[in-house]
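Shown next, in structure tokens, is the structure this report addresses.
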Amino acid sequence: MKASRRQALQGYLFISPWLIGFLVFTLGPLLYSLYVSFSEYSLFGSPYWTGLDNYQRALFEEPLFWKSLKNTLYFVALNVPLSIIGSLLLAMLLNQNIRGKTVYRTMFYIPSITPVVATTLIWVWILRSDFGLLNMMLEKIGLPAVPWLSSTRWAIPSLVLISLWEIGGQRMLIFLAGLQGINQELYEAADIDGGSVLQKFFHITLPMLSPTLLFNLIISIISSFNVFTTAFIATKGGPANATLFYVLYLFKNAFEWFQMGYASALAWLLFIVVFAVTVLQFVLSKRWVYYESE
Amino acid sequence: MKKRLPRLTSLAVVLLILVCAFPAYASKTKLQVIHRAVIHEEWVQRHLEGFYAENPDIEVEFIWIPTGEYLQKLQVLFASGTIGDLVEMNPSYNYGYFAKEGLWTDLEPFIAQDGFDLSPFYPTALDAARINGTLYMIPFSIHPGVSALFYNKTLFEKAGVELPTADWTYDDWLAAAKALTLDTNGDGKIDQYGMQAPITWPSIMTVFHSFGGGWIDETGTKSALNTEASVDAIQWMADLFLKHKVSPWSSEMVASPFATGQVATMLGGYWDVAGTANLMQEGMEWEVVTAPAGPAGVITGPSSFDGYAIPAASKNKEAAWKLIKYMLGDERLYDYVASGLNPTTNGEINSHPDFQGLKGHTTFIKSLDEGNYIPTPMPANFRAGELRSAVISGLEAILLGDVPVSDGVKQIDAAVQRVLDRP
């Protein structure tokens, strides 16, 4: 055997656990779900081919499909900018030379490593309208109580609040790493030229941070489209389907309503949406993301 | 060779042990049972010793699943072919749907083979357990649904409101609820409500029935929501929140607002008695009477039941049947009622003198005996869970005041019909 061929073989052998894992546990189920999405399948027995029925049903016959998509888009529209701006501000604060900054950094990061179920349950208690912590504080300062999770109007903003708290620290950490990678000489040069704080932010920090921003943006959008656990624990999709997010709707169809075929079709539709949004971001990123190496 | 000898000897010893042990192990039938955890688990565990004493050749391996996860877990177990030999079932866990998919064993041959006497069992439970004429599950418990009014006697007396009686109507109930909705500490906020509005799933159905309405017709294929009686029922529920404001919003209530004295009355089922007794605030007296009569009289429900079913794929059906028979024995059923879980399907056990003094017991048994209940209506396609979800989410929109009753009813009606039209 030639040396190069042997080397290649060894290489494949080394990556084979991942390769096999990917083929068996990811690609296999993925392709099967694509097949199932074109069939009627209740999880029992075998699927039978129904062509585009499931897709047609989602797009043209099910009000809940559009409702769940609308809820999810609302969540994405609130959650993504707030989490990006919030965590960027946090990161900039903690990038200053303040006393005890490592303690703060740890504190802000802790929610990211706490189990979501536990934090959500605590938030449910904080957000209770009758004796929840938040409303008690609001009333102390003379503001009216808000029916956080129990009204159709406030339910999604409340879940955004929970989600911000849960993921903010993680995004902050990534920003912090990005901020520390910025060459200090740039700021020093700006100081000499008399640049203001805002000028430094918009002309140095933001451009230098743009690759990190793009990364956080993409991760944020994908995870916001996939929002599930907080709603599943806190509201179960209610009240009146106000927090029935897309993935929750998919889950109910798959695991409560015996419609694995339809649920698979929903999954592929979501994949198409998220994929399109991500590609769009990469295309648009050429206009605003600056890579030092270029 | 010398070195090998000890190895060979030890191998031989191990083999000998295996050979000796294996027949004893293999002769035991291993039964895998899927059961709900916590309360039912305690009941079953108390009687396992007795079962083993009678059946030394059977070994039972339980998978205890919390109620909240039961449905999803069942589906996964069925789909993965690991459902085992016996399943605790309830119509609300898609019993009918599984039957339609051919996943259960017909129990009639076992009953016939043993001459198992079903005559003391409530026929309504057995009828409801028959899917297209075949009995796939034997119920051990039955209840007449949410069929009683729980009231806080202390709060009634404090407010000088007359105590509820078995001949109350919905109007009497509402009048009392208004009188009992109070700002007790004078801070301008209501802190005691007259009732916990009946808007959770089983109690919604009680209200529908009491108005003479329902959500599906008797064929199980058409929505019955847009009928006068059903609309009246929904209007009545909406008024409790939007007009009379006599109830807190359900998703916001503590686990048992009745037990904490946050509400003065609630509709409840048999199973609520034990829970309430455990949680009730000290110094508060409470009682249970027959539910008030709606415009159509006292018709409660839906009645429901728990029972045992044997999966069609089980390889140990005989052993599973033995466990069913054992758990349906008088001693086990007596203990079931004594634990305050629910009435049993065996009417003779329910009327045992020991139970007549239990709070609410006679009220519920009277409903069962007099048939003032309706078995859970089943859609013809058995999509009960999806149907329930459509009704509840639609009702929530109405009760929160997001949509007017007339529009809301049309929306639920359409949503329900969409589910019923599905295969």
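The values are calculated or read from the model by the stated rules, or taken from the named source; none is laboratory data. All values reported here derive from a predicted model rather than from experimental measurement. Heads up, the Cβs are rebuilt from the backbone with ideal geometry, glycines too, and the neighbour counts pull from every protein chain shown. Ligands, DNA and RNA are stripped out before the accessible areas are found, and what is left, the full protein with its side chains, is counted by its heavy atoms. Shrake-Rupley method; radii C 1.70, N 1.55, O 1.52, S 1.80 Å.
Values as computed for the structure displayed
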read-out	value
Count - residues of the stretch B:406-423 that are more than 17 Å from residue B:231 (Cβ to Cβ), more than 9 Å from chain A (Cβ to nearest Cβ) and either buried (at least 19 other Cβ atoms within 10 Å of the Cβ) or in contact with a Gly (Cβ under 9 Å, 6 or more places away or on another chain) (or both)	1
Failed item in (1) closer than 24 Å to residue A:53 by Cβ; (2) open to solvent by 10 Å² or more (accessible area, probe 1.4 Å), with residue A:235 passing the rest	(1)
Counted residues, the stretch B:21-38 - those being in a loop (DSSP other than H, G, I, E, B) and at pLDDT 85 or above	2
Total residues in the stretch B:183-218, condition crowded, with 16+ Cβ neighbours inside 10 Å and not in a loop (DSSP other than H, G, I, E, B)	13
Yes/no for residue A:151 being open to solvent by less than 10 Å² (accessible area, probe 1.4 Å), over 14 Å from the mean Cα position of the chain (by Cα) and within 14 Å of another protein chain (Cβ to nearest Cβ)	no
Test: residue B:71 is touching a residue at least 24 places away in the same chain (Cβ under 8 Å) and aliphatic (A, V, I, L, M)	yes
Odd one out for residue A:195, checked against (1) in a loop (DSSP other than H, G, I, E, B); (2) more than 25 Å from residue A:94 (Cα to Cα); (3) not polar (S, T, N, Q)	(2)
Of all residues in the stretch A:57-102 being without any contact (Cβ under 8 Å) to a residue 60 or more places away in the chain and within 14 Å of chain B (Cβ to nearest Cβ), the one that is nearest to residue A:213 (Cα to Cα)	A:66
Single residue of A:73, A:23 found to be among the aliphatic types (A, V, I, L, M), modelled with pLDDT of 90 or more, within 30 Å of residue B:415 (Cβ to Cβ) and in a helix (DSSP H, G or I)	A:73
Number of positions in the stretch A:280-292 that are open to solvent by 70 Å² or more (accessible area, probe 1.4 Å) and among the β-branched types (Val, Ile, Thr)	1
Pick from the stretch B:70-110, criterion within 12 Å of another protein chain (Cβ to nearest Cβ) and out of contact with any helix residue (DSSP H, G or I) (no Cβ under 9 Å at 6 or more places or on another chain), ranking: least open to solvent (accessible area, probe 1.4 Å)	B:99
Residue match in the stretch A:30-43 (condition: out of contact with any helix residue (DSSP H, G or I) (no Cβ under 8 Å at 6 or more places or on another chain), part of a loop (DSSP other than H, G, I, E, B) and on the phi > 0 side of the Ramachandran plot)	no
Leading residue by the ranking (nearest to residue A:76 (Cα to Cα)) among those in the stretch A:236-256 that are part of a loop (DSSP other than H, G, I, E, B) and at the interface with chain B (Cβ under 8 Å from one of its Cβ atoms)	A:244
Among the candidates B:316, B:278, residue that is without any contact (Cβ under 8 Å) to a residue 60 or more places away in the chain and under 28 Å from residue B:93 (Cα atoms)	B:278
Unmet requirement for residue B:221, which otherwise passes all of (1) without any contact (Cβ under 8 Å) to a residue 60 or more places away in the chain; (2) surrounded by fewer than 20 Cβ atoms within 10 Å (Cβ to Cβ)	(1)
Qualifying residue in the stretch B:302-312 (condition: surrounded by fewer than 21 Cβ atoms within 10 Å (Cβ to Cβ), over 30 Å from residue B:259 (Cα atoms) and at pLDDT 90 or above)	yes
Meets criteria (within 14 Å of chain B (Cβ to nearest Cβ) and part of a loop (DSSP other than H, G, I, E, B)) for residue A:261	no
Output for the stretch A:79-118, where each listed residue is farther than 18 Å from residue A:227 by Cβ and under 15 Å from the mean Cα position of the chain (by Cα)	A:85
Condition met for residue A:131 (surrounded by 13 or more Cβ atoms within 10 Å (Cβ to Cβ), among the hydrophobic types (A, V, I, L, M, F, W, C) and over 28 Å from residue A:68 (Cα atoms))	no
Qualifying residue in the stretch A:278-288 (condition: more than 14 Å from chain B (Cβ to nearest Cβ) and among the charged types (D, E, K, R))	yes
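Conditions tested, residue by residue: (1) away from every other protein chain (no Cβ under 14 Å); (2) buried (at least 16 other Cβ atoms within 10 Å of the Cβ); (3) out of contact with any helix residue (DSSP H, G or I) (no Cβ under 9 Å at 6 or more places or on another chain).
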| site | (1), (2), (3) |
| --- | --- |
| B:353 | yes, no, yes |
| B:356 | yes, no, no |
| B:378 | yes, yes, no |
| B:404 | no, no, no |
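The rows are residues; the columns are (1) loosely packed, with under 11 Cβ neighbours inside 10 Å; (2) within 30 Å of residue A:164 (Cβ to Cβ); (3) of a type in the set (D, E, K, R).
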| residue | (1), (2), (3) |
| --- | --- |
| A:5 | yes, no, yes |
| A:37 | no, no, no |
| A:104 | no, yes, no |
| A:109 | no, yes, no |
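Yes or no, residue by residue, for (1) touching an Asp or Glu at 6+ places or on another chain (Cβ under 7 Å); (2) more than 30 Å from residue B:225 (Cβ to Cβ); (3) assigned by TED's automatic domain parsing to the domain that holds residue B:58; (4) open to solvent by less than 10 Å² (accessible area, probe 1.4 Å):
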{"site": "B:292", "(1), (2), (3), (4)": "yes, no, no, yes"}
{"site": "B:296", "(1), (2), (3), (4)": "no, no, no, no"}
{"site": "B:315", "(1), (2), (3), (4)": "no, yes, yes, no"}
{"site": "B:324", "(1), (2), (3), (4)": "no, yes, yes, yes"}
{"site": "B:349", "(1), (2), (3), (4)": "yes, yes, yes, no"}
{"site": "B:388", "(1), (2), (3), (4)": "no, no, no, no"}
